[in-house]
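A.B. asks: Got a structure for you, written out below as structure tokens; questions coming shortly.
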Amino acid sequence: MMGLKISLTAGRLARSSALVAGLCLVAACAGSPGADGINDPYEATNRQTHDFNRGVDRVLIGPASKGYGGIVPEPVKRVVGNMARTLDLPGDIANNLLQLRLGDAAENTLRLAVNLTMGVGGIFDASTAIGLPGKPTDFGETLHVWGVGEGVYLEVPFAGPSTARDATGTLVDLVLNPVRLALPEREAMAATAMKLFSRLGDRDRFSETVESILYESADSYAQARLLYLQNRRFELAKKGGSGAGAADDDFIDPYEDPYGE
């Protein structure tokens, strides 16, 4: 049985590696940014996807997030968020190691251990309380550290703004998520559901910002594209790595949590 699991995991890794290589090749061959720093050769298709995503948000995600935010008590939402962030830590650690950021990996490992013990399985964010806020990351950032360019801008169905590099990273993080691979199927599905509820909570928390972009902008597509690229580039530049530009100290992250949570 163990050999079968290892074989399946190796197969997934091989398929994902091939996918990464293919998508990165697409990213590298899809032209260069224009004078405005935006590389969007598929704008017409992206705008259609953006309209689809905006419709999904209007009729499904937005109302669901408001229902979640209005019905679920705040302490329960906090527990869901804490557990979702704890479930992200194994993936963060794996990416820290791939980036050779051993200090970040050590901090996230300690954070995981504290949350699983003192935090009662992640119900409480005990690690932040003792000064371990963590070092969240993803495979898109790993590709950035490895020197892969961001590639073309993409609007991904159900996911929203991205780039070829970040879309590849999101897919790899999903397919090779250590929690999903390690847990039995039922527990893995429960972990996925926990993270989805956490996303609904985020959508409710940032509803004013999201809705001002999607429904109050003269061109919501261009506004969302600009904010995503600015925010992502700033985030990566702050952390450094291959290809990182200088971080703009005056940049204001429109998605920053005003409560610092």
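The values are calculated or read from the model by the stated rules, or taken from the named source; none is laboratory data. This one's a predicted model, so the numbers in the text were calculated from it and none came from an experiment. Cβ placement follows ideal geometry from the backbone for every residue including glycine, while neighbour counts extend to all protein chains displayed.
Condition check ((1) farther than 24 Å from TYR215 by Cβ; (2) within 19 Å of the chain's Cα centre (by Cα); (3) surrounded by 15 or more Cβ atoms within 10 Å (Cβ to Cβ); (4) modelled with pLDDT of 95 or more) across all residues:
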site	(1), (2), (3), (4)
SER32	yes, no, no, no
GLY37	yes, no, no, no
ASN53	no, yes, yes, yes
ASP57	no, yes, yes, yes
LEU102	yes, no, no, yes
ALA106	yes, no, no, yes
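A.B. asks: Let me ask something additional. Any residue in the stretch 42-49 that is in contact with a strand residue (DSSP E or B) (Cβ under 7 Å, 6 or more places away or on another chain), assigned to a helix (DSSP H, G or I) and either farther than 30 Å from GLU216 by Cβ or not aromatic (Phe, Trp, Tyr) (or both)?
C.D. replies: yes
A.B. asks: Name the single residue that is nearest to LEU174 (Cα to Cα) among those in the stretch 127-139 being free of Cβ contacts under 8 Å to residues at least 40 places away in the same chain and either in contact with a Lys or Arg (Cβ under 9 Å, 6 or more places away or on another chain) or in a loop (DSSP other than H, G, I, E, B) (or both).
C.D. replies: Among those residues, the one meeting the criterion is PRO133.
A.B. asks: Residues that are surrounded by 14 or more Cβ atoms within 10 Å (Cβ to Cβ), of a type in the set (D, E, K, R) and over 17 Å from ASP57 (Cβ atoms): does the stretch 216-226 have at least one?
C.D. replies: The answer is no; no qualifying residue exists.
A.B. asks: Failed condition for MET194, given (1) of a type outside the set (Lys, Arg); (2) at pLDDT 95 or above; (3) crowded, with 16+ Cβ neighbours inside 10 Å; (4) not in a loop (DSSP other than H, G, I, E, B), with all others met?
C.D. replies: All conditions are met except number (2).
A.B. asks: Under 30 Å from GLU43 (Cα atoms), surrounded by fewer than 18 Cβ atoms within 10 Å (Cβ to Cβ) and among the hydrophobic types (A, V, I, L, M, F, W, C): is that true of VAL175 in this structure?
C.D. replies: yes
A.B. asks: On the basis of being of a type in the set (Gly, Ala, Ser), over 27 Å from VAL175 (Cα atoms) and either modelled with pLDDT under 95 or touching an Asp or Glu at 6+ places or on another chain (Cβ under 7 Å) (or both), does GLY69 make the cut?
C.D. replies: So GLY69 passes the test.
A.B. asks: Of all residues in the stretch 58-95, how many are assigned to a helix (DSSP H, G or I) and either among the β-branched types (Val, Ile, Thr) or over 13 Å from LEU112 (Cβ atoms) (or both)?
C.D. replies: So the answer is 26.
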